[in-house]
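Below is one structure; the comments refer to it alone.
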Amino acid sequence: MFLKALGAGLPTVLGVRTLSAFASAKKQVVRIVQFDAFGVRTGVVELEKVEKPEAEWRKQLTAEQFQVTRQAGTEYPGTGKYANNHADGLYHCICCDTVLFDSKTKFESGTGWPSFWQPIAKENVAVQSDNSHGMQRDEVLCSRCDGHLGHVFDDGPPPTHQRYCMNSASLNFFPRGKQQSV
């Protein structure tokens, strides 16, 4: 019994990494759907989750983009650059460039934020419970970088009856067919 216990602790004493230590050091992988500049699905890929220190996000993003995407903030209604955008194209994550929404699913919700009745691919967004500010809502995040995008509500138009109410500060818009230069 003593030798068994000693053997179990020996790898730790000798500084040998065990399988669980390797697993915790491994980067997290996510599956997202990729699209070309026309919004045509090109395939599902597994990519490393984008994780950066706060200082790197602050260098990459404007103060407003950082506050919205990394601190779960919200821009004032009607102030976002895409609230009244009616151009045809694709909306990408401002943090990691993942394609999130197609303008073909954008609608006028009257809320002052860009609203969509569905994401371009369910794999590209994550939804989690948000109980902040004394409300119970469903927060929408970018699957690849966990950037806060906005919230989803059940009061949208058919066919989904969903309203993905997004912050312009979390998005980059690219006209359909134009190569993005991020």
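For the range 23-83, the fraction of 1.4 Å probe accessible surface lying on carbon and sulfur atoms is 50 percent.
Per residue, the range 24-120 exposes 55 Å² of accessible surface when a 1.4 Å probe is rolled over the protein heavy atoms with every protein chain present. With the highest mean first, a sort of the peptides 160-171, 46-57, 143-154, 26-37 on other beta-carbon atoms found within 10 angstrom per residue produces 160-171, 143-154, 26-37, 46-57. The GluC sites (Glu not before Pro) of the range 77-182 meeting both criteria, a DSSP state outside H, G, I, E and B (loop) and at most 11 other C-beta atoms within 10 angstrom of the site's C-beta, are E108.
The values are calculated or read from the model by the stated rules, or taken from the named source; none is laboratory data. In this text, all values refer to a predicted model and were calculated from it rather than measured experimentally. Glycine also receives a Cβ, built like all others from the backbone with ideal geometry; neighbour counts cover every protein chain displayed. SASA here: full protein model, heavy atoms, side chains in, ligands and nucleic acids out. Shrake-Rupley method; radii C 1.70, N 1.55, O 1.52, S 1.80 Å.
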